[in-house]
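Peer 1: My questions all concern the structure below.
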Amino acid sequence: MPKIRLGVNIDHVATVRNARGENYPDPLRAALQAEKCGAESVTIHLREDRRHINELDLKRIITKLRIPLNLEIAATKEMLKIALKRKPPFICIVPEKREEVTTEGGIDVKRSHNVLGPIINELKKNNIRVSLFVDSSIDQIKLAKELGSDIIEIHAGEFCRKVHDRLDFQKELNTIKEAASFAESIGLETHVGHGVTFDSIVELSKINEVRKFNIGQFIIREALFLGLEATIK
């Protein structure tokens, strides 16, 4: 079985920085610390409203980081232009709403089909591997493959919430398992993210088809008590 990789999302280091309008704590420092501690990649989400990560962060991180950068963006012309300028090795296209606190679910690939197609094609022409952040839906995953996505990242939020609340999570877990198995059968690499914690990763990490976990808010939260290095390790 291939080793499961860890991607560390450092968005909320920028959230803390922006709360006081200062230039610290520095997301670049967190990215380099994640690299030093053995993370296989770093994820940042450049939102349209720039509520945490900004373009300067992106420029500095992609210049200094030696492990791959996974840049999350919405499917817009502005974000495509930025992605093509910086050319990170990975782009994950995510749904985005200004009023949401965090990403609430996977992108509707069917509804966004005409928008996603040209963006994915343009990214792939520039040798960027493309991931779509989706719910654990066979139909959505099938469309992701048809559009040329290399990877899917499954939104595990509901499963993780039920684990945290000590509720029955078997239905959600089975759905994720089926989605990951189907994705692998059609040649898509499977990643999992959103809400993953020390508790919820226990079951998720048993899914053979999952190649990588992208974890952010939990790691930054736990780092307040354990330290970033200990939490990542």
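The values are calculated or read from the model by the stated rules, or taken from the named source; none is laboratory data. Everything numeric in this text was worked out from a predicted model, so none of it was measured. We place every Cβ from the backbone using ideal geometry, glycine too, and count neighbours over all the protein chains shown. Note: areas computed on protein heavy atoms with side chains; ligands, DNA, RNA excluded. Shrake-Rupley method; radii C 1.70, N 1.55, O 1.52, S 1.80 Å.
Peer 1: Taking residue 223 and the conditions (1) touching an Asp or Glu at 6+ places or on another chain (Cβ under 9 Å); (2) under 15 Å from residue 105 (Cα atoms), which numbered condition does it fall short on, given that it satisfies the others?
Peer 2: Condition not satisfied by residue 223: (2).
Peer 1: Could you say whether any residue in the stretch 157-173 is in a helix (DSSP H, G or I) and touching a strand residue (DSSP E or B) at 6+ places or on another chain (Cβ under 8 Å)?
Peer 2: no
Peer 1: Considering only residues of the stretch 96-129 that are within 14 Å of residue 74 (Cβ to Cβ) and in contact with a Phe, Trp or Tyr (Cβ under 8 Å, 6 or more places away or on another chain), which is modelled with the highest pLDDT?
Peer 2: It comes out as 107.
Peer 1: Something else now. Taking helices (runs of 4 or more DSSP H) that fall entirely within the stretch 186-233, which contain at least 1 residues that are under 23 Å from residue 71 (Cβ atoms) and β-branched (Val, Ile, Thr)?
Peer 2: It comes to 217-226, 228-232.
Peer 1: For the stretch 1-18, give me each residue that is in a helix (DSSP H, G or I), surrounded by fewer than 20 Cβ atoms within 10 Å (Cβ to Cβ) and either modelled with pLDDT under 95 or under 18 Å from the mean Cα position of the chain (by Cα) (or both).
Peer 2: 15
Peer 1: Before we move on, is residue 107 of a type outside the set (Phe, Trp, Tyr), in contact (Cβ under 8 Å) with a residue 24 or more places away in the chain and open to solvent by less than 30 Å² (accessible area, probe 1.4 Å)?
Peer 2: yes
Peer 1: Closer than 27 Å to residue 50 by Cβ and touching an Asp or Glu at 6+ places or on another chain (Cβ under 9 Å): which single residue out of 116, 123, 173, 132 fits that description?
Peer 2: 132
Peer 1: Scan the stretch 19-31 for residues that are assigned to a loop (DSSP other than H, G, I, E, B) and not aromatic (Phe, Trp, Tyr) and report the count. Let's see the steps before the verdict.
Peer 2: Taking the stretch 19-31 first, the residues assigned to a loop (DSSP other than H, G, I, E, B) are 20-26.
With the extra rule that they be not aromatic (Phe, Trp, Tyr), the set shrinks to 20-23, 25-26.
Residues that pass the stated criteria total 6.
Peer 1: Restricting attention to the stretch 12-27, which residues are touching a residue at least 24 places away in the same chain (Cβ under 8 Å) and either small (Gly, Ala, Ser) or touching a strand residue (DSSP E or B) at 6+ places or on another chain (Cβ under 6 Å) (or both)?
Peer 2: Across the stretch 12-27, the qualifying residue is only 14.
Peer 1: Suppose we keep only residues that are in contact with a helix residue (DSSP H, G or I) (Cβ under 7 Å, 6 or more places away or on another chain) and open to solvent by 50 Å² or more (accessible area, probe 1.4 Å) within the stretch 26-47. Which one would you say is nearest to residue 221 (Cα to Cα)?
Peer 2: Here the residue is 33.
Peer 1: Here is a follow-up. How many residues, within the stretch 209-233, are among the β-branched types (Val, Ile, Thr) and free of Cβ contacts under 8 Å to residues at least 12 places away in the same chain?
Peer 2: 0
Peer 1: On to the next question. Limited to the stretch 71-88, what total is found for residues that are out of contact with any Asp or Glu (no Cβ under 9 Å at 6 or more places or on another chain), surrounded by 17 or more Cβ atoms within 10 Å (Cβ to Cβ) and touching a residue at least 40 places away in the same chain (Cβ under 8 Å)?
Peer 2: 1
Peer 1: Can you tell me how many residues in the stretch 123-147 are surrounded by 15 or more Cβ atoms within 10 Å (Cβ to Cβ) and either under 22 Å from residue 82 (Cβ atoms) or in contact with a strand residue (DSSP E or B) (Cβ under 6 Å, 6 or more places away or on another chain) (or both)?
Peer 2: 15
Peer 1: While we're on this one: Do you know which residues across the stretch 193-208 are under 18 Å from residue 40 (Cβ atoms) and open to solvent by less than 40 Å² (accessible area, probe 1.4 Å)?
Peer 2: Answer for the stretch 193-208, where residues must be under 18 Å from residue 40 (Cβ atoms) and open to solvent by less than 40 Å² (accessible area, probe 1.4 Å): 193, 196, 204, 207.
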